[in-house]
Amino acid sequence: MASDLEPQNRKWGHSLGKRQGFSSSLGVIAATLGSAVGLGNIWKFPYLTGENGGAAFILVYLICTAFIGIPVMISEFIIGRKAQSNCIGSFKKLAPGKPWFFTGWLGVASAFLIMAFYTDVAGWVYAYVFNSATGALTGLSADATAGAFQKLASSPIAPLFWQWLVLLTVGVIITFGVQKGIERITKTLLPLLFILLLVCDFRSLTLPGAMQGLEFLFKPDFSKITGLVILTAMGLAFFKLSVGMGTMITYGSYMGDKENMPATAVRVAFADVFVSILAGIAIFPAVFAFGFKPEAGPSLLFITIPMVFNSMPLGSVFLVIFFLLSAFAATGAMISLLEVPVAFLHEEKQLSRKAATIISILIMGGMGVLATLSTQGNLLGSVSIFGKSWFDAFDFMSQNILMPVGGLLICLFVGWKLGPSAIQQEASNGGQLNNSGLLKVYTFIVRFAAPIAIIIVLLNGLGLIRL
Ligand code: PHE
């Protein structure tokens, strides 16, 4: 078998040219996982789980991760590494003169939409690191804690200050480039984050009444499942793994010939789900133990968590730890979001990385102002587009529409345009990996199962068909 592949073997490989890539497999895992793990785990996963009924929602989300998220991630790696280019350039290289590069544009649009609201939430997190460290959140009553968050979110100045500080931080890291910026930061932050989460879990699980929270997390109630809930779970799977919008195409293009891309995708997805569950275990047992409601919505992290930590010994220390951890996670994810337009502008428009970063940040900051000022009670709080605030509209558009549509196109591109033999070649590193059985399953999923599932969930969730 191996000898059959020998002639192809010699031909197989990618010339990295002048492009800088990740330095090692550990660097690849750190950067990819650093992109996946973020506010999605600590903010979105818990509040969406709380709003959508707990374990049943988590189950749908896990199914989507396994059968759609992981295959889309492998597909993006294949595209990026084969083309050695950014998310638009890759399609232009692999399908010259064809409209496929439009998929890359959707990705860039998603990156801007996501950054607009993500930097707002990350700004609240940075503010909460500061506020909890200075003791401003210590010893407050439930009402006062809710009031403190409301005051921050509805102020026209403070959240913008924090949001721009976030943008500046991420921008500075990105200008250091792939190895010194992305790799170095994520390698340091991830282990730290893991340890801090375990500390919070231990605290939460040792509270009296922790069981009810665990039940909420692990005992499914299927009556809560609707078309929109399934779409939300699928959207979360895309959002969580940073797929469907070109981040993983860009990161795939920084991978060397020896990386085992399917294995990387599976490992990253497992680790990412694990972090979400750890975050859930840190939050829900405590929520129930202190008699709070799990469906608090986006403010869950900012109101419930301080109240929870305030009502226990050493709470103020844990509070600082928790928000510091969230800030680390958010920063790693934003680095990868910003890298999408920066790589595009740098490679396709011949701008320096610095200029590309500045331009991207200005656009993201501009859209971010809209998201931030549209929070309830803020200056644009009553303006609505499609019946939603700017913040919610950016969130819904990117997570529940653009990323699934992007993921659909990516599957179709790899499954049909590149086709089965290119898949075997690329994802087995020219026959060097012994994974052809696995790749057959993967090929079936990207050609048929995933595209059909995405279309059905999308149409059903948007109410365009009724199942
Ligand atoms: N996966 C990140 C999170 O869960 C968000 C993200 C989405 C990052 C898309 C990059 C691209 O927080």
Restricting attention to helices (runs of 4 or more DSSP H) lying wholly within the stretch 243-311, give those where 1 or more residues are acidic (Asp, Glu).
261-289
Which members of the stretch 24-64 meet the condition of being within 12 Å of the ligand (Cβ to nearest atom), closer than 25 Å to ILE423 by Cα and not aliphatic (A, V, I, L, M)?
THR32, SER35
Would you be able to say whether some residue in the stretch 124-136 is of a type outside the set (A, V, I, L, M), free of Cβ contacts under 8 Å to residues at least 60 places away in the same chain, surrounded by fewer than 18 Cβ atoms within 10 Å (Cβ to Cβ) and within 16 Å of the ligand (Cβ to nearest atom)?
no
For PRO71, the lone unmet condition from (1) away from the ligand (no atom under 12 Å from the Cβ); (2) buried (at least 20 other Cβ atoms within 10 Å of the Cβ); (3) over 30 Å from TRP416 (Cα atoms) is (3)
Do we find that PHE57 is modelled with pLDDT of 95 or more, touching a Leu at 6+ places or on another chain (Cβ under 8 Å) and among the aromatic types (Phe, Trp, Tyr) in this structure?
yes
If you go through the stretch 258-314, how many residues are among the charged types (D, E, K, R) and within 24 Å of the chain's Cα centre (by Cα)?
4
Residue pairs within 8 Å by beta carbon, gap of at least six or interchain, first lying in the stretch 241-260 and farther than 12 Å from GLU339 by Cβ, second of a type in the set (Ser, Thr, Tyr) and within 8 Å of the ligand (Cβ to nearest atom), listed first then second, are GLY244/SER110
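Quick grid of which residues meet (1) of a type in the set (Ser, Thr, Tyr); (2) within 16 Å of the ligand (Cβ to nearest atom); (3) under 29 Å from LYS151 (Cβ atoms):
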| site | (1), (2), (3) |
| --- | --- |
| ASN310 | no, no, yes |
| LEU314 | no, no, yes |
| SER336 | yes, yes, no |
| HIS346 | no, no, no |
| ILE361 | no, yes, yes |
Identify, by number, the condition in (1) modelled with pLDDT of 90 or more; (2) surrounded by 19 or more Cβ atoms within 10 Å (Cβ to Cβ); (3) within 16 Å of the ligand (Cβ to nearest atom) that PHE284 doesn't meet.
(3)
In the stretch 239-277, the residues that are among the basic types (Lys, Arg) and away from the ligand (no atom under 11 Å from the Cβ):
LYS258, ARG267
Total residues in the stretch 146-167, condition crowded, with 16+ Cβ neighbours inside 10 Å and more than 28 Å from the chain's Cα centre (by Cα):
0
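Table: residues versus (1) more than 28 Å from ALA109 (Cα to Cα); (2) touching a Leu at 6+ places or on another chain (Cβ under 7 Å); (3) not polar (S, T, N, Q).
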residue	(1), (2), (3)
PHE284	yes, yes, yes
PHE328	no, yes, yes
ALA355	no, no, yes
LEU362	no, no, yes
VAL383	no, no, yes
Given the conditions (1) near the ligand (Cβ under 10 Å from one of its atoms); (2) in a loop (DSSP other than H, G, I, E, B), every one holds for LEU236 apart from (2)
Please return the ranges of helices (runs of 4 or more DSSP H) entirely within the stretch 5-114 where 2 or more residues are touching a Pro at 6+ places or on another chain (Cβ under 6 Å) and over 18 Å from MET245 (Cβ atoms).
45-51, 55-64
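The values are calculated or read from the model by the stated rules, or taken from the named source; none is laboratory data. Everything numeric here is computed off the predicted structure, so don't read it as measured data. Virtual Cβ from ideal backbone geometry, glycine too; neighbours counted across all protein chains shown.
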